[in-house]
Amino acid sequence: MEPQDQSISADEIALYDRQIRLWGVKAQEKIRSANILLITFKALANEIAKNLVLAGVRSLTIIDDATATEEDLGAQFFLTADCVGQNRAQAAVPAIREMNPRVKVFADASSVATKPPDFFGQFDVTIATELDFSMYNTINAACRIAGRSFYAAGLHGFYGFVFSDLIQHDFVIERAKSNVPSATQETPTRRILNISIKKNESGKLIEMVTKREVYSPMLLANTSPLPEEITRLPRRKKQVTPLLSCLRALWEFQKLSQGRLPAESHQDLVLFTKLARDAHQELRLDISTLDETFLRTFLQNLGSELSPVAAFLGGRLAQDVINVLGGREHPLQNLLLHDAERNCPVYALHPFFPMEMGNQMPAIPPVANPIPLNGQPGAGPL
């Protein structure tokens, strides 16, 4: 990578004035030095790219080997009719650059499956969208090897998800000084490392609290139970969206069918329904909350793109990336779901929740002995 000048210029301070007021100059300096990788350039990735480029990241690299079609024009604002027949990433780059000429934008028209694991080490954050579960896992494993943050996201009409694996992330929040001592261990995955005191402009005492979150890779999160604070209360269990079970069923279906989505055939519908009910029972949820109406609606939405949902999910993911780069605010931990008929819950999914012994946190082992991305998908150990 090229050497990076960390100091922010007066022109940049003027350009990013509003966001610097929100998260400060130091955070903006970290954002402007970040190199981001974005995989698959469809409606959701359009929104992610827009928000990150306007925020002023250093570079954005887009990987997509697909050709733009007329169908892409329905939910993507970086493409025009003239782009049909061109590579989807390459066709979008000129319009993205116009939004913020200070950001370097690159297009890679090759398949992400051809990239070796060390390819992902050159990026601070990798965001994989609209892939099958095996490819998500393989990229996640490569990012863990490199010690880099990973996000996965997908859009299916009124439904969608964002998953984050930051491995281990430290961040700082500001809050009014409290007279009540803070617990060192706030959650099974988050603990306080340090608290310092300062005075604000009005003379009030403010606590600068440094916290640490630890994460699980997607492969483990996908088979993990719901947090105890949900499962121990029948009312909260009934509020869990059946979208969680349907996503797990979809990813299992893709593993069994070489990555494709369920078709309208009787065989596919029977298999998907069984997988969804199995996932629901594994999560110890009331089977009555997974009815035929929801299953039918979810299947009808598969593969479709809706601009409002893409805008919400893309904005939420991009904001989390900005917070993570700047080291401010609580990051997403670790699965956000978009269900149009319910709120957008976030579930912290981890394979186990050992409570602290002293100051020990749950340990997630690092990835070892990865396979090349062009090997057998999903075969690399985590």
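Numerical summary
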read-out: 14 Å Cα-Cα reach of LYS204 towards aspartates and glutamates, excluding residues that sit fewer than 8 places from it in its own chain; value: GLU174
read-out: Label-point gap, in nm, between CYS344 and GLU70 - each point 7 angstrom along Cα→Cβ; value: 3.2 nm
read-out: Cα-based equivalent ellipsoid, the stretch 40-148: semi-axes from gyration tensor eigenvalues, Å; value: 23, 17, 11
read-out: Cβ charges +1 (Lys, Arg) and -1 (Asp, Glu), total dipole of the stretch 242-299, debye; value: 160 debye
read-out: Magnitude of the charge dipole, the stretch 96-204, Cβ model with Lys/Arg +1 and Asp/Glu -1, debye to 20; value: 600 debye
read-out: Beta bridges by DSSP in the stretch 115-173, antiparallel share as percent, to the nearest 5; value: 60 percent
read-out: Surface share of carbon and sulfur [accessible, 1.4 angstrom probe, percent] for the stretch 145-206; value: 49 percent
read-out: Residue list for the stretch 233-257, given a label point 7 angstrom along the Cα-to-Cβ vector of VAL270 and an amide N cut-off under 20 Å; value: 249-250, 252-257
read-out: Entries in LYS177/LYS199; LYS30/LYS104; LYS30/LYS115 that, when Cα-Cα distance is taken, lie over 18 Å; value: LYS30/LYS115
read-out: Net charge, LEU37 excluded, C-beta distance under 14 Å - Lys, Arg +1, Asp, Glu -1; value: 0
read-out: Overall Cα dimensions of the stretch 93-166 - principal axes, largest extent first, Å; value: 35, 34, 24
read-out: Charge tally in the Cβ shell below 13 Å around GLN76, where Lys, Arg are +1 and Asp, Glu are -1, GLN76 excluded; value: -4
read-out: 3J(HN,Hα) from dihedral phi, the stretch 72-81, Karplus parametrisation 6.51/-1.76/1.60, rounded to Hz, x for glycine, proline; value: 5, 5, x, 10, 10, 9, 8, 10, 10, 4
read-out: Trypsin sites (Lys or Arg not before Pro) within the stretch 27-136: DSSP coil, no more than 16 neighbouring Cβ in 10 Å; value: ARG102
read-out: Pairwise label distance in nanometres, THR293 with LEU261, each label 7 Å out on the Cα-Cβ vector; value: 2.3 nm
read-out: CD proxy at 222 nm, helix term only [per DSSP H run n ≥ 4: -39500 (n - 2.57); per residue of the chain; nearest 500]; value: -11000 deg cm²/dmol
read-out: Estimated FRET transfer efficiency when R0 is 35 angstrom, pair LYS177-ALA109 (beta carbons, to 0.05); value: 0.05
read-out: Whole-number percent relative contact order across the stretch 127-234, with pairs defined as alpha carbons under 8 Å at least 6 apart; value: 24 percent
read-out: Low-density loop positions, GluC sites (Glu not before Pro), the stretch 192-300 - DSSP coil, at most 15 other Cβ in 10 Å; value: GLU201, GLU264
read-out: Using a Förster distance of 35 Å, the FRET efficiency for GLN86-GLN168 (Cβ separation, nearest 0.05); value: 0.30
read-out: Trypsin sites (Lys or Arg not before Pro) restricted to the stretch 263-320 and DSSP loop, no more than 12 other C-beta within 10 Å; value: ARG284
read-out: Against the rule of thumb 2.2 N^0.38 Å, how large the Cα Rg of the stretch 154-272 comes out; value: 1.56
read-out: Average Cα contact separation per residue, the chain, under 8 Å, 6 or more apart, as relative contact order %; value: 21 percent
read-out: Listed peptides 304-314, 138-148 by packing density, highest first (mean Cβ within 10 Å); value: 138-148, 304-314
read-out: Solvent-accessible area, 1.4 Å probe, carbon plus sulfur percent, for the stretch 71-119; value: 53 percent
read-out: Per-peptide average of other Cβ atoms within 10 Å, ordering 345-352, 230-237, 318-325 highest first; value: 318-325, 345-352, 230-237
read-out: Length-normalised contact order of the stretch 250-324 in % [C-alpha pairs under 8 Å, at least 6 apart]; value: 20 percent
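The values are calculated or read from the model by the stated rules, or taken from the named source; none is laboratory data. Keep in mind the model is a prediction, meaning the values are calculated, not measured. Note that each Cβ is placed from the backbone with ideal geometry, even for glycine, and that neighbours are counted across all protein chains shown. These area figures cover heavy atoms from the full protein model, side chains too; ligands, DNA and RNA do not enter into them. Shrake-Rupley method; radii C 1.70, N 1.55, O 1.52, S 1.80 Å.
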